[in-house]
Amino acid sequence: MGSVFLPHLHTGWHVDQAILSEDERLVIVRFGRVYERECMIMDEFLFGIAEKIKNFATVYLCDIDEVPDFNSMYELYDPCTVMFFYRNKHMMCDFGTGNNNKLNFLVGDKQELIDIIETIYRGARKGKGLVISPIDYSAKH
């Protein structure tokens, strides 16, 4: 149900504009399909925290079937992928899973997701392109 309330990006141009338009906040884009189980859960998490993180992050959803422009560039093959951008720069996070480019698994709860977003935002403000996740997911995923 969270996907109904979050803004959707319907073209590659809209995705680019969403990333380019924010100068001070982190841009979070959830790539996936609305009907996928993992996406439904992630959308609920993102909708649930959107109000709490609105001062430093903004959330968008993008269907990878409707907008295939980024599928090969960002290797969007998972059912649900969350990516972070700051000032038109792709922000990476080391989750301990070997893939630092994106969050492609479900986190435990909303607070865990807020902690990850805050960590990425703080690193982005300091000019870092890669930050270390507050939780090591190497044993979990």
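Could you list, in sequence order, the residues of the stretch 50-94 that are of a type in the set (D, E, K, R) and touching a Gly at 6+ places or on another chain (Cβ under 6 Å)?
Start the filter on the stretch 50-94 by keeping residues that are of a type in the set (D, E, K, R), which leaves 51-52, 54, 63, 65-66, 69, 75, 78, 87, 89, 94.
Residue satisfying the conditions is 69 alone.
Mind telling me which of the residues 49, 53, 116, 135 ends up being hydrophobic (A, V, I, L, M, F, W, C) and in contact with a Lys or Arg (Cβ under 6 Å, 6 or more places away or on another chain)?
Working: 53 fails: in contact with a Lys or Arg (Cβ under 6 Å, 6 or more places away or on another chain); 116 fails: in contact with a Lys or Arg (Cβ under 6 Å, 6 or more places away or on another chain); 135 fails: in contact with a Lys or Arg (Cβ under 6 Å, 6 or more places away or on another chain).
Result: 49 is the single residue among 49, 53, 116, 135 that is hydrophobic (A, V, I, L, M, F, W, C) and in contact with a Lys or Arg (Cβ under 6 Å, 6 or more places away or on another chain).
Going by what's in this entry, would residue 119 be described as out of contact with any Asp or Glu (no Cβ under 8 Å at 6 or more places or on another chain), surrounded by 15 or more Cβ atoms within 10 Å (Cβ to Cβ) and part of a helix (DSSP H, G or I)?
On the way: out of contact with any Asp or Glu (no Cβ under 8 Å at 6 or more places or on another chain): yes; surrounded by 15 or more Cβ atoms within 10 Å (Cβ to Cβ): yes; part of a helix (DSSP H, G or I): yes.
Judged against the criteria, residue 119 is a match.
Quick check, is residue 49 at pLDDT 95 or above and either of a type in the set (Gly, Ala, Ser) or farther than 19 Å from residue 17 by Cα (or both)?
Numbers: at pLDDT 95 or above: yes; either of a type in the set (Gly, Ala, Ser) or farther than 19 Å from residue 17 by Cα (or both): yes.
Criteria met by residue 49.
Looking at the stretch 83-116, which of its residues are exposed (fewer than 15 other Cβ atoms within 10 Å of the Cβ), closer than 23 Å to residue 34 by Cβ and of a type outside the set (Asp, Glu)?
Residue satisfying the conditions is 108 alone.
Please find, within the stretch 1-13, the residue that is nearest to residue 39 (Cα to Cα) out of those that are touching a residue at least 40 places away in the same chain (Cβ under 8 Å) and not small (Gly, Ala, Ser). Steps first, answer last, please.
Kept after step one, since they are touching a residue at least 40 places away in the same chain (Cβ under 8 Å), are these residues of the stretch 1-13: 1-3, 5-12.
The next check asks that each one be not small (Gly, Ala, Ser); those that pass are 1, 5-11.
Values: 1: 11, 5: 14, 6: 13, 7: 14, 8: 13, 9: 15, 10: 17, 11: 19 Å.
In this case the residue turns out to be 1.
Tell me, which residue of the stretch 1-11 that is more than 14 Å from the chain's Cα centre (by Cα) and modelled with pLDDT under 95 is nearest to residue 106 (Cα to Cα)?
Going through the stretch 1-11, the residues more than 14 Å from the chain's Cα centre (by Cα) turn out to be 1-2, 4-5, 10-11.
Now narrow it down to the ones that are modelled with pLDDT under 95: 1-2, 4-5.
Values: 1: 17, 2: 15, 4: 19, 5: 20 Å.
Per the stated criteria, the residue is 2.
Among the helices (runs of 4 or more DSSP H) confined wholly to the stretch 1-79, which include 1 or more residues that are of a type in the set (Val, Ile, Thr) and closer than 25 Å to residue 119 by Cβ?
Details: elements: 2-5, 12-21, 37-53.
By residue number, 12-21, 37-53.
Taking the stretch 85-113, which residues are assigned to a loop (DSSP other than H, G, I, E, B) and either under 21 Å from residue 60 (Cα atoms) or touching a Lys or Arg at 6+ places or on another chain (Cβ under 7 Å) (or both)? Before you say what the answer is, go through the steps one by one.
Taking the stretch 85-113 as the starting set, the residues that turn out to be assigned to a loop (DSSP other than H, G, I, E, B) are 87-88, 95-102, 104-109.
Within the stretch 85-113, 87, 88, 100, 101, 102, 104, 105, 106, 107, 108, 109 meet the criteria.
Kindly indicate which of 80, 62 is more than 18 Å from residue 121 (Cα to Cα), more than 10 Å from the chain's Cα centre (by Cα) and buried (at least 16 other Cβ atoms within 10 Å of the Cβ).
Working: 80 fails: more than 10 Å from the chain's Cα centre (by Cα).
When all the criteria are applied, what remains is 62.
The values are calculated or read from the model by the stated rules, or taken from the named source; none is laboratory data. All values reported here derive from a predicted model rather than from experimental measurement. Cβ sites come from the backbone with ideal geometry, for glycine too, and all protein chains shown count toward neighbours.
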